[in-house]
Amino acid sequence: MSVEAYGPSSQTLTFLDTEEAELLGADTQGSEFEFTDFTLPSQTQTPPGPGQAGPAQGQGPPGAGQGAPGPLEAQVNGPDGILQNGAVDENVAKTSQLLAELNFEEDEEDTYYTKDLPVHACSYCGIHDPACVVYCNTSKKWFCNGRGNTSGSHIVNHLVRAKCKEVTLHKDGPLGETVLECYNCGCRNVFLLGFIPAKADSVVVLLCRQPCASQSSLKDINWDSSQWQPLIQDRCFLSWLVKIPSEQEQLRARQITAQQINKLEELWKENPSATLEDLEKPGVDEEPQHVLLRYEDAYQYQNIFGPLVKLEADYDKKLKESQTQDNITVRWDLGLNKKRIAYFTLPKTDSGFFSPLSFADMRLMQGDEICLRYKGDLAPLWKGIGHVIKVPDNYGDEIAIELRSSVGAPVEVTHNFQVDFVWKSTSFDRMQSALKTFAVDETSVSGYIYHKLLGHEVEDVIIKCQLPKRFTAQGLPDLNHSQVYAVKTVLQRPLSLIQGPPGTGKTVTSATIVYHLARQGNGPVLVCAPSNIAVDQLTEKIHQTGLKVVRLCAKSREAIDSPVSFLALHNQIRNMDSMPELQKLQQLKDETGELSSADEKRYRALKRTAERELLM
């Protein structure tokens with residue numbers, strides 16, 4: 001490459017031959033290189049400007065005498081070759097004092113989003129341009145329409161995570177203080193809202209997707225419903241509605257990750273005034289241990305899964321106890337068992353959703369306990385506990401509870417009731433108890449299952465058994481090849497997993513397996529499932545095979561009707577002809593509601609005997 005390539009101001013490089021020793025030789029230890037003193041530049045000196053020479057050695061700051069020593073000038077080698085420290089210590093002290101008097105100011109731009117922000121600043125990032133922020137009517141917080149480090153805008157992120165739907169624009173924004181709602185029906189669910197441009201005027205009309213935007217009556221109005229578009233697109237509000245902050249504004253804003261947003265939203269559920277700084281407090285950001293593929297022992301297994309079960313229990317409890325509903329209207333009825341039944345419907349929002357969370361979020365099931373209170377003035381204050389016997393379905397949105405006791409129930413009034421959802425820890429307590437037993441007792445399960453649960457390598461075990469000649473069980477549909485293979489494999493393995501999409505016959509296959517296990521004569525077979533509906537379906541299929549089946553259920557579900565209610569333990573005890581004394585006591589209890597202490601004691605003893613007889 002030529003020298004000209006570096007520009008006209010480049011200098012020509014000259015390379016010296018190594019044989020020119022006289023040019024390269026240097027005696028750095030010679031006497032001519034000895035020096036007796038040196039000078040450190042003063043900390044208060046003004047650096048030389050362009051074209052100016054720096055201060056000469058020994059020159060002090062402006063105002064000092066010519067040639068006088070500067071503040072940090074020191075004689076290194078004194079007359080006796082000893083370092084003179086007095087001047088150095090004094091000058092160091094003076095310099096420290098001068099440094100202490102200096103005031104360093106932070107760049108205003110660096111502190112723009114960390115200083116005191118206005119009330120309408122985004123609760124995530126701090127952006128506070130009135131045209132860019134939106135107010136959440138439910139959480140009472142402001143959020144911007146910028147994405148930051150997330151996949152959607154901050155306002156949409158919050159609405160989704162907090163399950164909120166109603167917003168208001170800022171009063172100083174282009175559209176003023178506006179609550180977004182449907183022009184036709186007043187629906188405020190922003191996830192259902194959209195706009196239609198008017199045909200004649202340069203205006204837009206906000207309409208909800210269903211039913212207003214699809215009504216045929218719109219054809220008679222000056223709107224074209226085919227041009228309806230949602231207000232939220234690509235996880236952001238439309239820019240003409242809420243301005244999107246510029247890239248520069250978002251870079252200057254407080255940076256927040258999606259993980260921090262999740263933790264902040266969870267923190268707001270307990271402390272609505274919490275800030276991003278609160279996440280840094282001890283104990284707030286603690287993550288549970290991750291599950292493993294292999295565990296050293298059962299103690300490690302319990303230490304990892306125990307906190308996870310507690311987290312789920314705390315969340316479920318918080319969810320249930322937060323579902324208090326006021327201003328409930330009750331319809332009273334009397335059940336066939338002479339117990340009082342209360343029917344009510346949860347209030348709905350304008351969008352048609354249950355408030356404040358959807359019915360699915362509440363996880364309400366038959367058998368759950370509910371506390372019903374009367375808070376009006378037409379009758380004395382009252383509180384009653386009952387269990388759910390009906391949940392919303394395709395035939396209606398009513399919830400029905402059967403009261404434990406109807407004493408004092410204000411059946412003459414129907415308004416001003418309150419509903420509290422009672423949380424029960426039974427299932428979570430059982431899981432924690434099982435984990436503790438598993439940790440301290442290796443014999444609580446078989447050795448094969450013990451090591452399988454811990455992820456240890458275990459030799460394949462083949463159970464020797466007499467396989468049936470015909471795998472299809474009586475009373476059930478014929479099995480196909482994959483179902484036969486599944487039944488055959490399960491009968492020969494201590495632990496099996498059957499998977500398949502809906503409609504592939506998993507329930508029939510499971511009932512067939514239970515049929516063959518019971519026919520082997522190794523004792524009763526316990527069948528469990530994750531839900532009461534699944535247990536009822538299995539009970540029905542197994543009963544079709546001709547096996548003796550007893551359906552066990554919680555006491556709170558004894559009054560709930562199902563296709564297999566006649567197989568429930570309490571109903572089979574009622575119908576036992578072999579114990580007429582028990583039947584008489586049961587009839588007396590149904591009629592009077594209670595028994596004498598002696599009759600109650602006798603009733604319980606007979607009932608335990610009947611249970612043992614049925615379960616053998």
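The values are calculated or read from the model by the stated rules, or taken from the named source; none is laboratory data. Since the structure is predicted, the reported quantities are computational estimates derived from the model, not experimental observations. Ideal geometry is used to build each Cβ from the backbone, glycine not excepted, and the neighbour counts take in all protein chains shown. These accessible areas exclude ligands, DNA and RNA; they are computed on the full protein's heavy atoms, side chains included. Shrake-Rupley method; radii C 1.70, N 1.55, O 1.52, S 1.80 Å.
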Positions within region 493-547 being touching a Lys or Arg at 6+ places or on another chain (Cβ under 7 Å) and of a type in the set (D, E), in sequence order: none
Pick from region 317-334, criterion assigned to a helix (DSSP H, G or I) and touching a Phe, Trp or Tyr at 6+ places or on another chain (Cβ under 7 Å), ranking: surrounded by the most Cβ atoms within 10 Å (Cβ to Cβ): K320
Test: L517 is closer than 26 Å to K469 by Cβ and in contact with a Ser or Thr (Cβ under 8 Å, 6 or more places away or on another chain): no
Flag if I261 is touching a residue at least 24 places away in the same chain (Cβ under 8 Å) and assigned to a helix (DSSP H, G or I): yes
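Okay, residues lined up against (1) open to solvent by 60 Å² or more (accessible area, probe 1.4 Å); (2) closer than 25 Å to E442 by Cα; (3) touching a residue at least 24 places away in the same chain (Cβ under 8 Å):
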site: L453; (1), (2), (3): yes, yes, yes
site: I462; (1), (2), (3): yes, yes, yes
site: P468; (1), (2), (3): no, no, yes
site: V490; (1), (2), (3): no, yes, no
site: L497; (1), (2), (3): yes, yes, no
site: G503; (1), (2), (3): yes, no, no
Those residues of region 142-178 which are touching a residue at least 40 places away in the same chain (Cβ under 8 Å) and open to solvent by 30 Å² or more (accessible area, probe 1.4 Å), in sequence order: R147, G148, N149, S151, R161, A162, K163, K165, K171, D172, P174, L175
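Go through region 415-429 and report how many residues are within 18 Å of E402 (Cβ to Cβ) and open to solvent by less than 60 Å² (accessible area, probe 1.4 Å).
The qualifying residues number 5.
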Matching residues, region 399-426, being among the hydroxyl-bearing types (S, T, Y) and either in a strand (DSSP E or B) or farther than 19 Å from I385 by Cβ (or both): T414
Residues located in region 393-412, provided they are in contact (Cβ under 8 Å) with a residue 40 or more places away in the chain and open to solvent by less than 30 Å² (accessible area, probe 1.4 Å): I399, A400, I401, E402, L403, A409
